[in-house]
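A quick write-up on the structure given underneath.
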Amino acid sequence: MKRILPLFALPALAACAPVEAPQPPATEPAAYMALGTEPGWTLEITAAQLDYHGDYGETRITAANPGARPSFNGRRYVTDRLTVDITHGECNDGMSDRLYADTVMVIADGKTVKGCGGAILAPTDLAGTSWTFVSINGVAVAADRPTSLAFEADRLSGSAGCNRFSGSWSREGAMLAAGPLMATKMACPGAGTEQENAFFALMRAPVRIEFPSDGTLVLTGPDGRTAVLRRSI
């Protein structure tokens, strides 16, 4: 029988979060990505070309990048076979709860499809979101150890590669505190225990939350150690 043992209680959040230093301007990504459903399609725009895969991959059109034309609240690309309209504004892909920065319409050989593109926006609320671990302290998690982190209204639960854990959580601005956390107690071979211990150590103090534009969640501790998670679909 698994025993449930308390891991630790985390300190309360400080009354005032530290002032964030100004960030340098973000650089443009090497490629702009867009996608849509029913039928499934993807579009990649690089400095050299537009690469469209439509009808769940059955249709492929590649064209030299003609350069963007300004359009209302966005930009447009026009080639012989492809016309792409990118309009800035929140967009949902219809298959998940992810939000993207842009609405995208593609006309491919006369056929019009619509979808989303650009940066993946941060969720408005962590409650109701689920994630899987990508790395902990800069080390990629073991592929053979399933991981998860789910947030409910005031509870979180998951596994960092070995035991199941759960506990309360609270958020104040860019800071998140978890605890007291409870976990099952069983031994796991190999990397599972190591990455779990690293995550529990990270969460002993409040961590800073960041949402990079690639859709990941980054938790950063006071000593600079991190856990990177990707949102589950």
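Please name all residue pairs, on different chains or six or more residues apart, with Cβ atoms under 7 Å, provided the first residue is in region 136-151 and is on the phi > 0 side of the Ramachandran plot and the second residue is of a type in the set (Lys, Arg) and at pLDDT 95 or above.
Between residues of region 136-151 that are on the phi > 0 side of the Ramachandran plot and residues that are of a type in the set (Lys, Arg) and at pLDDT 95 or above, the close pairs are Asn137/Arg225.
Mind listing whichever residues of region 143-178 are under 22 Å from Thr220 (Cβ atoms), part of a loop (DSSP other than H, G, I, E, B) and aliphatic (A, V, I, L, M)? Step through it out loud before you land on a result.
Initially, region 143-178 is screened for residues under 22 Å from Thr220 (Cβ atoms), giving 147-151, 156-161, 165, 167-178.
Right, trim to part of a loop (DSSP other than H, G, I, E, B) and you get 147, 160-161, 173-174.
Once the filter is applied, which keeps residues that are under 22 Å from Thr220 (Cβ atoms), part of a loop (DSSP other than H, G, I, E, B) and aliphatic (A, V, I, L, M), region 143-178 yields Ala160, Ala174.
Of everything in region 69-83 that's surrounded by 12 or more Cβ atoms within 10 Å (Cβ to Cβ) and in contact (Cβ under 8 Å) with a residue 12 or more places away in the chain, which residue is nearest to Asp109 (Cα to Cα)?
Arg81
Given the criteria under 30 Å from Met33 (Cα atoms) and either surrounded by fewer than 16 Cβ atoms within 10 Å (Cβ to Cβ) or modelled with pLDDT of 95 or more (or both), does Asp214 qualify?
Judged against the criteria, Asp214 is a match.
To keep it simple, each residue is scored yes or no on (1) touching a Phe, Trp or Tyr at 6+ places or on another chain (Cβ under 6 Å); (2) among the aliphatic types (A, V, I, L, M); (3) at pLDDT 95 or above; (4) open to solvent by 30 Å² or more (accessible area, probe 1.4 Å).
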site	(1), (2), (3), (4)
Ser168	no, no, yes, yes
Leu176	no, yes, yes, no
Leu181	yes, yes, no, no
Ala187	no, yes, no, yes
Gly190	no, no, no, yes
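Name the single residue, out of those in region 45-61 being open to solvent by 70 Å² or more (accessible area, probe 1.4 Å) and assigned to a strand (DSSP E or B), that is farthest from Asn92 (Cα to Cα).
Gln49
Quick grid of which residues meet (1) within 24 Å of Val228 (Cβ to Cβ); (2) surrounded by 14 or more Cβ atoms within 10 Å (Cβ to Cβ); (3) not aliphatic (A, V, I, L, M):
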{"site": "Asp85", "(1), (2), (3)": "no, yes, yes"}
{"site": "Asp97", "(1), (2), (3)": "yes, no, yes"}
{"site": "Gly110", "(1), (2), (3)": "no, no, yes"}
{"site": "Gly117", "(1), (2), (3)": "yes, yes, yes"}
{"site": "Ile120", "(1), (2), (3)": "yes, yes, no"}
{"site": "Pro123", "(1), (2), (3)": "yes, yes, yes"}
{"site": "Leu126", "(1), (2), (3)": "yes, yes, no"}
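Within region 214-228, which residues are farther than 16 Å from Asp125 by Cα and under 8 Å from the mean Cα position of the chain (by Cα)?
Residue satisfying the conditions is Asp214 alone.
Determine whether Val207 is at pLDDT 95 or above, under 27 Å from Leu35 (Cβ atoms), of a type in the set (A, V, I, L, M, F, W, C) and open to solvent by less than 50 Å² (accessible area, probe 1.4 Å).
Spelling it out, it is not the case that Val207 is at pLDDT 95 or above, under 27 Å from Leu35 (Cβ atoms), of a type in the set (A, V, I, L, M, F, W, C) and open to solvent by less than 50 Å² (accessible area, probe 1.4 Å).
Confirm whether Pro70 is modelled with pLDDT of 90 or more and in contact with a Ser or Thr (Cβ under 8 Å, 6 or more places away or on another chain). Before the answer, list the steps.
Working: modelled with pLDDT of 90 or more: yes; in contact with a Ser or Thr (Cβ under 8 Å, 6 or more places away or on another chain): no.
Here the answer is no, as Pro70 does not meet what is asked.
Do you know which residues across region 149-162 are under 17 Å from Arg204 (Cα atoms), buried (at least 20 other Cβ atoms within 10 Å of the Cβ) and not small (Gly, Ala, Ser)?
The answer is Leu149, Leu156.
The values are calculated or read from the model by the stated rules, or taken from the named source; none is laboratory data. Keep in mind the model is a prediction, meaning the values are calculated, not measured. Every residue, glycine among them, receives a Cβ derived from its backbone with ideal geometry; neighbour counts consider all protein chains shown. Accessible surface is based on the protein model in full, side chains and every heavy atom, while ligands, DNA and RNA are left aside. Shrake-Rupley method; radii C 1.70, N 1.55, O 1.52, S 1.80 Å.
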